[in-house]
Amino acid sequence: MWIRQILLAVIGSSAGAVAAGGLFAFIAELGVISDFADRTHTGDRIQWYETCVMLGGILGNLFWLYQIPLHGGVILLAAVGIFSGMFVGCWAMALAETLNLFPVFMRRFNLVNCLAGIILGIAAGKTLGCIWMLLQEAK
Amino acid sequence: MASNSETIYIKAGRNTEVKKPDVTLGEVLEITCVNPSMEAKVRSLRLLKGINGRVAVSVLKVVSMIQEVYPNADVQSIGEPDFIVTYEEPGKGSRFMQSIKVVFVSVLSFFGAAFSIMAFNNDVDAPKLFDQIYTQIMGNKPDGFTILELTYSLGLAVGILIFFNHFGKKKLTVDPTPMEVEMRLYENDIQTTLIETYSRKERELHVDQTDSSCGHRK
């Protein structure tokens with residue numbers, strides 16, 4: 001029986017390591033964190049930010065997998081919501097940017113001076129779409 | 001000045017931050033020359049006056065400035081052909097605001113990463129997968145949390161550590177971390193974009209322009 005346990009352990013740890021590699025490569029390569037660091041002129045703290053991402057990943061996984069109760073009340077809930085939302089929002093846009101969505105569309109439609117409008121439109125659309133979807137689910 | 005015919009080597013970095021709005025050549029370029037007095041004179045030449053924000057400068061402008069003073073000198077530029085000078089007002093980045101920003105980005109990164117891993121686990125329906133793997137290997141249904149979940153969590157931590165190549169201040173190998181690399185790439189992109197934007201709008205500081213006092217701000 002113990003050999004099966006070892007097999008499980010090997011599968012588990014390999015799966016964890018590779019999943020982590022994939023997911024965090026995705027976060028790092030899309031440059032969301034370096035974008036934050038550059039925007040706030042705190043590029044010298046990039047290692048610390050990395051540590052925060054690492055802690056977030058490790059603790060978030062434990063919290064989710066073992067369903068650890070964390071009674072932080074509505075304030076913690078709101079904090080988790082706003083920060084996760086901001087992160088995912090930046091991430092989604094970084095993905096669109098990496099796939100060269102904007103340059104292609106702007107060239108196709110000959111819209112060179114409408115970047116601000118496009119960004120505003122996308123932000124509004126994503127927000128409204130998100131709210132609509134969540135409302136539908138709540139029903 | 002006929003004797004001043006030595007070679008002056010200048011090297012421009014891509015982006016230089018300055019602390020004062022008036023900029024001399026010595027502050028933004030690396031300059032070397034066998035004649036110390038020529039070098040000192042070149043260093044003290046004023047390149048920009050009263051800049052605010054960012055200015056893109058063509059190295060040809062610098063060459064022509066030096067040639068005005070030393071017509072016989074041979075100016076060799078071994079750095080970037082265009083460079084950016086950034087001036088930021090000292091009061092702008094107070095320590096307090098700086099720490100607020102650091103805390104903000106830290107919290108954002110933490111919750112963002114936590115949410116991402118949970119979203120990923122949820123998306124691939126990890127519990128179901130754990131359940132199936134356990135059943136197929138052990139031949140019976142799992143009873144609560146098993147070694148699989150535990151090792152998955154450990155493996156995840158190890159994977160993250162290996163990928164990011166450090167924990168806290170302690171680096172695992174001498175390579176830069178992926179985000180340091182990403183940060184440099186990002187800065188490079190920004191600088192290239194700025195220089196190209198300026199030259200496309202013809203707002204770069206060229207040879208035929210004398211000063212930057214207007215029109216080059218951003």
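The values are calculated or read from the model by the stated rules, or taken from the named source; none is laboratory data. This one's a predicted model, so the numbers in the text were calculated from it and none came from an experiment. Please note: Cβ atoms are built from the backbone with ideal geometry, for glycine as well, and neighbour counts cover all protein chains shown.
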Of the numbered conditions (1) over 20 Å from A:LEU59 (Cβ atoms); (2) at the interface with chain A (Cβ under 9 Å from one of its Cβ atoms), B:VAL102 satisfies every one except a single condition; which is it?
-> (1)
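Looking at the stretch B:78-99 only, could you name the residues that are in a helix (DSSP H, G or I) and more than 8 Å from chain A (Cβ to nearest Cβ)? Lay out the reasoning, then the answer.
Filtering the stretch B:78-99 down to residues in a helix (DSSP H, G or I) leaves B:90-93, B:95-99.
The answer is B:PRO90, B:GLY91, B:LYS92, B:ARG95, B:PHE96, B:MET97, B:SER99.
Kindly establish whether A:PHE26 is more than 7 Å from chain B (Cβ to nearest Cβ), within 30 Å of B:LEU185 (Cα to Cα) and either in contact with a Cys (Cβ under 6 Å, 6 or more places away or on another chain) or part of a helix (DSSP H, G or I) (or both). Give the steps one after another, and end with the answer.
On the way: more than 7 Å from chain B (Cβ to nearest Cβ): yes; within 30 Å of B:LEU185 (Cα to Cα): yes; either in contact with a Cys (Cβ under 6 Å, 6 or more places away or on another chain) or part of a helix (DSSP H, G or I) (or both): yes.
So A:PHE26 passes the test.
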Give me a count of the residues in the stretch A:1-23 that are more than 7 Å from chain B (Cβ to nearest Cβ) and either in contact with a Phe, Trp or Tyr (Cβ under 9 Å, 6 or more places away or on another chain) or β-branched (Val, Ile, Thr) (or both).
-> 4
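In the stretch B:1-13, which residues are closer than 20 Å to B:ASP82 by Cβ and out of contact with any strand residue (DSSP E or B) (no Cβ under 6 Å at 6 or more places or on another chain)? Full working, then the answer.
Initially, the stretch B:1-13 is screened for residues closer than 20 Å to B:ASP82 by Cβ, giving B:8-13.
Matches in the stretch B:1-13: B:GLY13 only.
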Answer yes or no: is there a residue in the stretch A:66-78 that is free of Cβ contacts under 8 Å to residues at least 60 places away in the same chain, in a helix (DSSP H, G or I), under 27 Å from A:GLY22 (Cα atoms) and facing chain B (nearest Cβ under 7 Å).
-> no
Taking the stretch B:159-186 and keeping residues surrounded by fewer than 16 Cβ atoms within 10 Å (Cβ to Cβ) and of a type in the set (D, E, K, R) leaves B:LYS169, B:LYS170, B:LYS171, B:ASP175, B:ARG184
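Which one of these is assigned to a helix (DSSP H, G or I) and away from chain B (no Cβ under 13 Å): A:MET54, A:MET133? Walk me through how you get there before you give the answer.
Working: A:MET54 fails: away from chain B (no Cβ under 13 Å).
The unique qualifying residue is A:MET133.
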Within the stretch A:31-51, the count of residues that are buried (at least 23 other Cβ atoms within 10 Å of the Cβ) and either of a type in the set (Ser, Thr, Tyr) or more than 7 Å from every other protein chain (Cβ to nearest Cβ) (or both) comes to 3
Considering every residue within the stretch B:80-99, establish whether at least one is in the same structural domain as B:THR192 (by TED's automatic domain parsing) and modelled with pLDDT of 85 or more.
-> yes
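Looking only at the stretch B:25-49, count every residue that is within 13 Å of B:TYR87 (Cα to Cα) and either touching a Lys or Arg at 6+ places or on another chain (Cβ under 6 Å) or surrounded by 14 or more Cβ atoms within 10 Å (Cβ to Cβ) (or both) and tell me the total.
Going through the stretch B:25-49, the residues within 13 Å of B:TYR87 (Cα to Cα) turn out to be B:27-28, B:48-49.
Cutting the leftovers down to either touching a Lys or Arg at 6+ places or on another chain (Cβ under 6 Å) or surrounded by 14 or more Cβ atoms within 10 Å (Cβ to Cβ) (or both) gives us B:27-28, B:48.
So the count comes out to 3.
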Only one of (1) surrounded by fewer than 16 Cβ atoms within 10 Å (Cβ to Cβ); (2) within 12 Å of chain A (Cβ to nearest Cβ); (3) of a type outside the set (Asp, Glu) does not apply to B:SER109, and that is (1)
B:GLU68, sole failed condition from (1) assigned to a strand (DSSP E or B); (2) without any contact (Cβ under 8 Å) to a residue 12 or more places away in the chain | (1)
Check on B:ALA40, without any contact (Cβ under 8 Å) to a residue 12 or more places away in the chain, touching a helix residue (DSSP H, G or I) at 6+ places or on another chain (Cβ under 9 Å), among the hydrophobic types (A, V, I, L, M, F, W, C) and not assigned by TED's automatic domain parsing to the domain that holds B:THR193 = yes
Count of the stretch B:5-53 residues which are at pLDDT 85 or above and part of a loop (DSSP other than H, G, I, E, B) | 3
Hits in the stretch B:126-160 - residues which are within 30 Å of A:PHE36 (Cβ to Cβ) and more than 7 Å from chain A (Cβ to nearest Cβ) | B:ALA126
